[in-house]
Amino acid sequence: MAEHYSSFDRRGWRWLLQRLTAAFLIVVLAFHFMLLHFVNHAAEITFAGSQARMSQVGYFATMLLFLVTATFHGVNGVYNALLNQGLDGTAKRVVLALLVVASAALLLQGTRLALALTGMDVSL
Amino acid sequence: MSQSYDRGLVEDFGRWREFSAGMWAWVLHKFTGWVLIGYLFTHVAVLSTAVYGSSIYTETIRELESLLVVRFLEVGLLAVAVFHILNGVRLLFVDLGMGLDAQDKSFYASLVLTGGIVVASIPTFLGGQV
Amino acid sequence: MSTQLPESERPDADGESTGTSTAQQGRLERKRAGTAERQAREESETAGEVETVPLEVYRYDPDVEGKRRPRFDTFHVPLEQGMTVLDALIYARDEFDPSLTFRHSCRQAICGSDALFINGEQRLGCQAQIADLDHPVKVEPLPHQAVEKDLVVDMEHFYEQMRSVEPYFQGGASEADAAGEEQLQSRENREKIKMSTRCIWCGACQSSCNIAAGDNKYLGPAAINKAYRFAMDEREGEDVKDHRMNVLEQEHGVWRCQTQFSCTDVCPKDIPLTEHIQELKREAVKDNLRFW
């Protein structure tokens, strides 16, 4: 087996990033739930309320970072789960490409949504 | 070697009764993870109504929140998120090499804590104007 | 009968010995006592008084018509105090069915040849006490390996993974070695790798690992532990350690471990496998941070 390995192939960064995003997400996800279910009841959410929150730079930046980290953490988790099941070869490359495209789409739409919630016109 | 018999992976999940704590923790962590990433996509999709105007956004949320099913699904989402968070904390400690001997106890603790938090949150989630 | 007699058939030397009898007399006496005991036992057996343990054993043999489809055979083995699953299997083979096939050798958890799937858990047959198990005792070959015959599985993949981490000491760079002297290890360092040296290559951990089952390229707990034993050995040079870490840092190396603790739970030598794998992950991250 040893000959299959090459030194250009160190994957530790994905493992580390998964942990770092986890640490961030623990705090922000808990905050998100508290704010939008306990402080503000979900049923009472209005555009005006969302706009008021999203207009604060700190909140906006946190939410955007929340989107980026959650997307990475989630999609990387899915990719890992598939690797654990023995995903390999062409199928692996195809899945990776699909996941990257899905992530990019999510990030794009998420950013667009975030801007829309500040009151900006982002309709195409 | 003349011939051999491949028993395949049948015994893996067919033997769930024999799973130990660490295995259950992994199964539940993966399951909740799949739910959460699935929800992230849905969440962004639903909130994207904001792109088409402020009133559609408000109305969509109001309408969804008026459905009892949605309220129950939200409780489920909370359970999933809380477990993923608590077991995630447990896993971070495991990754740091801390408390490995108590990994089973910390899993049970995260289960119990999840249950407690969810039960305590039910009034808030189901209450309010339905 | 195998070379080992069950306790009750072994003559009780202390009770038999009389000060005056010669060695020959003693032997004859013991033999007579043994025969009497055996007869008594056989009698009680026919009377159905002997407590037996039902042993459900997985049977498969590609060369025998009726055994091409795996099935379970039940053997009722007379229970002895201190009987292990291996003892029971040996009894079943010697007394009931000589075609019953399983690997075993030392019977004292050192050779690592009798790892079996007993009542849903990977254990050594020689370490599993019948008294500790629920009845019937279900004995199967190790999961996730192809079955050759009965309880014998193909271990080649496991050995291949073990070989891939170069499981041998590669010192040679030290001054001591150059001077033709013994390469001594510090007490602390020995203590650090102590548990990892206990591996007997039985393959129980690999078989218990859900990830190793799904991802065939995953090195697996045993091989990673073996790599740990040498990577953490201070007597090996930096370049050797680098080389070892390089193997472990591959996609199918340490990162695939999902800390399910299955391996640690089943290891018959109580090696903290998960702990070692986790330490190597951190070591790998530290290594890579240095290059950033």
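Check segment A:67-81 and report whether any residue there is more than 18 Å from residue B:39 (Cα to Cα) and open to solvent by 50 Å² or more (accessible area, probe 1.4 Å). Write out each step before concluding.
Narrowing segment A:67-81 to residues more than 18 Å from residue B:39 (Cα to Cα): A:80.
Going one step further and asking which of them are open to solvent by 50 Å² or more (accessible area, probe 1.4 Å), we end up with none.
No, segment A:67-81 has no match at all.
Could you tell me which of the residues C:205, C:263 is within 11 Å of chain B (Cβ to nearest Cβ) and either crowded, with 18+ Cβ neighbours inside 10 Å or more than 24 Å from the chain's Cα centre (by Cα) (or both)?
Working: C:205 fails: within 11 Å of chain B (Cβ to nearest Cβ).
Answer to the selection: C:263.
Just to verify a result, which residue in segment C:177-202, among those that are open to solvent by less than 20 Å² (accessible area, probe 1.4 Å) and polar (S, T, N, Q), is farthest from the chain's Cα centre (by Cα)?
Just the residues of segment C:177-202 that are open to solvent by less than 20 Å² (accessible area, probe 1.4 Å), to begin with: C:189, C:193, C:196, C:202.
Right, trim to polar (S, T, N, Q) and you get C:189, C:196.
Numbers: C:189: 26, C:196: 15 Å.
Of everything passing the filter in segment C:177-202, C:189 is farthest from the chain's Cα centre (by Cα).
Considering only residues that are over 17 Å from residue A:14 (Cα atoms) and in contact (Cβ under 8 Å) with a residue 40 or more places away in the chain, which ones fall in segment C:248-263? Steps first, please.
Step one: filter segment C:248-263 for residues over 17 Å from residue A:14 (Cα atoms), giving C:260-263.
Once the filter is applied, which keeps residues that are over 17 Å from residue A:14 (Cα atoms) and in contact (Cβ under 8 Å) with a residue 40 or more places away in the chain, segment C:248-263 yields C:260, C:262, C:263.
Answer yes or no: is there a residue in segment B:30-39 that is modelled with pLDDT of 95 or more, over 23 Å from residue B:126 (Cα atoms) and buried (at least 18 other Cβ atoms within 10 Å of the Cβ). Yes, segment B:30-39 contains at least one residue that is modelled with pLDDT of 95 or more, over 23 Å from residue B:126 (Cα atoms) and buried (at least 18 other Cβ atoms within 10 Å of the Cβ).
For segment A:28-49, residues that are part of a loop (DSSP other than H, G, I, E, B) and within 7 Å of chain B (Cβ to nearest Cβ) total 3.
In segment B:97-126, the residues that are under 17 Å from residue B:77 (Cβ atoms) form Cβ pairs under 7 Å with partners that are open to solvent by 50 Å² or more (accessible area, probe 1.4 Å), at six or more places apart or across chains, as follows: B:124/A:38. Remark: pairs (first residue in segment C:153-177, outside any helix (DSSP H, G or I); second residue open to solvent by 20 Å² or more (accessible area, probe 1.4 Å) and of a type in the set (Ser, Thr, Tyr); Cβ separation under 8 Å; 6+ apart in sequence or on different chains) = C:154/B:4. Only residues that are within 18 Å of residue C:266 (Cα to Cα) and touching a residue at least 24 places away in the same chain (Cβ under 8 Å) were counted across segment C:108-150, and they come to 30.
Quick one: which of B:62, B:90 is open to solvent by less than 70 Å² (accessible area, probe 1.4 Å) and either part of a helix (DSSP H, G or I) or closer than 30 Å to residue A:123 by Cβ (or both)? Just one listed residue meets the conditions, B:90. Selection of helices (runs of 4 or more DSSP H) fully inside segment C:4-116 by the criterion of at least 1 residues being modelled with pLDDT of 90 or more and of a type in the set (Ser, Thr, Tyr) returns C:85-91. For segment C:60-76, which positions are in contact (Cβ under 8 Å) with a residue 12 or more places away in the chain and over 21 Å from residue C:145 (Cα atoms)? If the condition is that a residue be in contact (Cβ under 8 Å) with a residue 12 or more places away in the chain and over 21 Å from residue C:145 (Cα atoms), then C:74, C:75, C:76 are the ones that fit. Within segment A:87-97, is even one residue closer than 26 Å to residue B:85 by Cα, outside any helix (DSSP H, G or I) and of a type outside the set (D, E, K, R)? For segment A:87-97, residues closer than 26 Å to residue B:85 by Cα, outside any helix (DSSP H, G or I) and of a type outside the set (D, E, K, R): absent.
Would you mention how many residues in segment B:47-59 are loosely packed, with under 15 Cβ neighbours inside 10 Å and in a helix (DSSP H, G or I)? Full working, then the answer.
The initial filter retains those residues of segment B:47-59 that are loosely packed, with under 15 Cβ neighbours inside 10 Å, namely B:52-53, B:55-56, B:59.
When the remaining residues are screened for being in a helix (DSSP H, G or I), the result is B:52, B:55-56, B:59.
Result for segment B:47-59: 4.
Of the residues making up segment C:266-292, those that are under 16 Å from residue B:94 (Cα atoms) and open to solvent by 20 Å² or more (accessible area, probe 1.4 Å) are C:272, C:275, C:279, C:282, C:283.
Run residue C:213 past the list (1) surrounded by 22 or more Cβ atoms within 10 Å (Cβ to Cβ); (2) closer than 19 Å to residue B:96 by Cα; (3) within 14 Å of chain B (Cβ to nearest Cβ); (4) at pLDDT below 95 and report the number of the one that doesn't hold. Every listed condition holds for residue C:213 apart from (2).
The values are calculated or read from the model by the stated rules, or taken from the named source; none is laboratory data. None of the values given here were measured: they were computed from a predicted structure. Note that we place each Cβ from the backbone using ideal geometry, even for glycine, and neighbour counts take in every protein chain shown. Note: accessible area is taken over every heavy atom of the protein model, side chains too, but ligands, DNA and RNA are not part of it. Shrake-Rupley method; radii C 1.70, N 1.55, O 1.52, S 1.80 Å.
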